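Here the structure is laid out as structure tokens; the discussion comes afterwards.
The values are calculated or read from the model by the stated rules, or taken from the named source; none is laboratory data. It should be emphasised that the depicted structure is a prediction, and the values quoted were computed from it without experimental measurement. Using ideal geometry, Cβ is built from the backbone for each residue, glycine included, and neighbour counts are taken over all protein chains shown.
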Amino acid sequence: MLNGIKQRLRDDVRVAEAKIAARLRRFPFYATVESASHATILVDGTPLINLGSNNYLGLSTDARVIEAATEATRFWGTGVTGSRLLNGTLRLHESLEATLCDFYGKEAALVFPTGYTANLGLISGTLLPGDIIAVDRELHASLFDALMLSRAPFRRFEHNSVDGARSILERSSSLRARALVLEGVYSMQGDVPPLAEFAELADETNAFLIVDEAHGLGVVGQRGRGGAELAGVLGRVDALTVTFSKSLASCGGAIIGSRDMIDVLRLKCRPFMFTASNTPSSIAAAECALRILIDEPQMLAELQGKTEFLRRALSDQGISVQPGRGAILTVRVGSDFQTLQAWRMLRNRGVFCNPVLTPGVPQGKGLLRLSVMRTHTEANLELAAAAFGSIARWIEQRRDQEACTQGDNTMLPASETVETRYAAEAS
């Protein structure tokens with residue numbers, strides 16, 4: 001007889017659905033990528049237009065970044081084999097932290113192995129159970145995980161609702177510390193919040209303002225510093241987090257803010273103190289990419305131009321794109337299964353993109369998420385838009401169905417007899 005945990009693992013419904021989806025060629029995750037993250041990539045042996053990468057500036061294949069990573073490996077080795085607390089703080093880390101401070105105009109920075117751990121470290125290291133926290137409903141999962149780790153009570157407000165945040169922060173006791181947690185560019189839809197209004201609210205309520213710029217760095221703002229810079233409130237943000245795995249073409253993350261905050265985190269932040277330090281190559285690559293962004297700010301205009309080109313091309317094909325300012329475009333489809341079907345149809349037409357399913361979005365609100373790269377050609381984007389155009393009527397019909405019926409939102413219908421029907425539809 002299996003024990004309770006083994007039984008639960010064996011009978012997990014989501015795994016069963018995923019196995020059926022894989023047999024129907026409707027499982028979009030963990031695809032085997034067989035090339036670098038160029039504008040076109042090889043996935044499971046098939047060349048596809050790459051609209052599924054966060055390599056916004058295209059720097060992960062830049063010769064200068066590759067050389068910086070290679071030289072760092074030659075000098076420092078492949079890994080530091082320890083935590084930052086002990087033997088894992090190299091001059092490379094300190095140099096990148098100084099460059100980030102200069103770039104953002106802040107007093108101090110702390111580099112982490114990933115953007116995820118940077119968010120864990122910031123929230124769990126600064127917020128306490130007695131605090132009151134107002135958070136946007138569409139925050140990244142890493143921020144919600146961080147809030148749970150901190151054990152601080154938090155309340156969600158409707159996406160981008162300043163009034164919703166106000167009702168949470170103003171209702172709390174004046175003796176309790178407050179915090180407001182936002183993203184500079186939201187990862188699901190690429191939209192930018194009204195950060196000037198949120199900064200004003202933080203000032204009025206004496207709230208500690210935290211902004212995650214994972215998808216803003218290298219994408220928006222005059223110098224590419226993110227949504228806070230775009231809104232003109234960078235100096236009023238108390239703590240920023242960034243990731244190196246997107247525009248900075250590497251892996252890692254950082255917290256940027258006051259010297260007092262960083263001094264506390266260096267000595268009390270468990271996700272920082274008890275994990276291995278970044279590899280030398282990842283730090284060198286990130287700093288090289290950041291310096292390229294600083295020296296070549298025209299990259300921002302090139303990326304924004306490509307993003308708007310794709311937005312217009314999709315509109316010309318009858319595809320409605322959600323509003324946004326980032327390099328992420330999203331197309332609403334419907335239920336999880338319908339979203340997977342649309343994803344498969346695009347894959348068959350040579351486009352690699354990412355479906356967003358429940359619980360990443362509310363039930364029946366599945367999205368196709370497109371990430372634009374500066375290195376896309378207009379021909380790449382025209383071909384992708386044409387592929388969307390070929391299924392535009394199908395998407396519109398499915399939206400109409402969702403408006404009329406609640407429907408089943410499981411990853412797959414219960415019966416596998418749909419295989420022939422959906423395989424033909426996706427061709």
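Filter segment 231-257 down to the residues that are of a type in the set (A, V, I, L, M, F, W, C), closer than 20 Å to Asn206 by Cβ and in contact (Cβ under 8 Å) with a residue 40 or more places away in the chain and list them by number.
Result: Leu234, Ala239, Leu240.
Just the residues that are outside any loop (DSSP other than H, G, I, E, B), buried (at least 16 other Cβ atoms within 10 Å of the Cβ) and not polar (S, T, N, Q), please, taken from segment 71-109.
Correct list: Ala72, Trp76, Leu92, His93, Leu96, Glu97, Leu100, Cys101, Phe103, Tyr104, Ala108, Ala109.
Filter segment 267-306 for residues that are more than 21 Å from the chain's Cα centre (by Cα) and part of a loop (DSSP other than H, G, I, E, B); which is surrounded by the most Cβ atoms within 10 Å (Cβ to Cβ)?
Ser277
Of all residues in segment 143-163 being modelled with pLDDT of 95 or more and part of a loop (DSSP other than H, G, I, E, B), which is surrounded by the fewest Cβ atoms within 10 Å (Cβ to Cβ)?
Once the filter is applied, the top-ranked residue is Glu158.
Collect the residues in segment 190-226 that are under 14 Å from the mean Cα position of the chain (by Cα) and within 16 Å of Lys246 (Cα to Cα), keeping them in residue-number order. Reasoning before the result, please.
The initial filter retains those residues of segment 190-226 that are under 14 Å from the mean Cα position of the chain (by Cα), namely 190-192, 211-219, 226.
Answer for segment 190-226, where residues must be under 14 Å from the mean Cα position of the chain (by Cα) and within 16 Å of Lys246 (Cα to Cα): Gly190, Asp212, Glu213, Ala214, His215, Gly216, Leu217, Gly218, Val219, Gly226.
Okay, residues lined up against (1) over 15 Å from Ile123 (Cα atoms); (2) in contact with a strand residue (DSSP E or B) (Cβ under 7 Å, 6 or more places away or on another chain); (3) of a type in the set (Asp, Glu):
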{"residue": "Gly190", "(1), (2), (3)": "yes, yes, no"}
{"residue": "Ala202", "(1), (2), (3)": "yes, yes, no"}
{"residue": "Phe208", "(1), (2), (3)": "no, yes, no"}
{"residue": "Glu213", "(1), (2), (3)": "no, yes, yes"}
{"residue": "Gly218", "(1), (2), (3)": "yes, no, no"}
{"residue": "Gly221", "(1), (2), (3)": "yes, no, no"}
{"residue": "Ile262", "(1), (2), (3)": "no, yes, no"}
{"residue": "Cys269", "(1), (2), (3)": "no, no, no"}
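Just to verify a result, which residue in segment 27-57, among those that are assigned to a loop (DSSP other than H, G, I, E, B) and hydrophobic (A, V, I, L, M, F, W, C), is nearest to Val372 (Cα to Cα)?
Keep residues of segment 27-57 that are assigned to a loop (DSSP other than H, G, I, E, B), which gives 27-32, 34-39, 44-45, 51-57.
Filter again for hydrophobic (A, V, I, L, M, F, W, C), leaving 27, 29, 31, 36, 39, 51, 57.
On the way: Phe27: 23, Phe29: 19, Ala31: 19, Ala36: 16, Ala39: 9, Leu51: 6, Leu57: 9 Å.
Out of the qualifying residues, it is Leu51.
Return the residues of segment 336-367 that are closer than 29 Å to Asp136 by Cα, at pLDDT 95 or above and surrounded by fewer than 21 Cβ atoms within 10 Å (Cβ to Cβ); say none if nothing qualifies.
Asn354
Looking only at segment 115-142, count how many residues are surrounded by fewer than 24 Cβ atoms within 10 Å (Cβ to Cβ), out of contact with any Phe, Trp or Tyr (no Cβ under 8 Å at 6 or more places or on another chain) and part of a helix (DSSP H, G or I).
The qualifying residues number 3.
Would it be correct to say that Ile262 is closer than 18 Å to Leu90 by Cα, hydrophobic (A, V, I, L, M, F, W, C) and either touching a Phe, Trp or Tyr at 6+ places or on another chain (Cβ under 9 Å) or free of Cβ contacts under 8 Å to residues at least 12 places away in the same chain (or both)?
In short, no.
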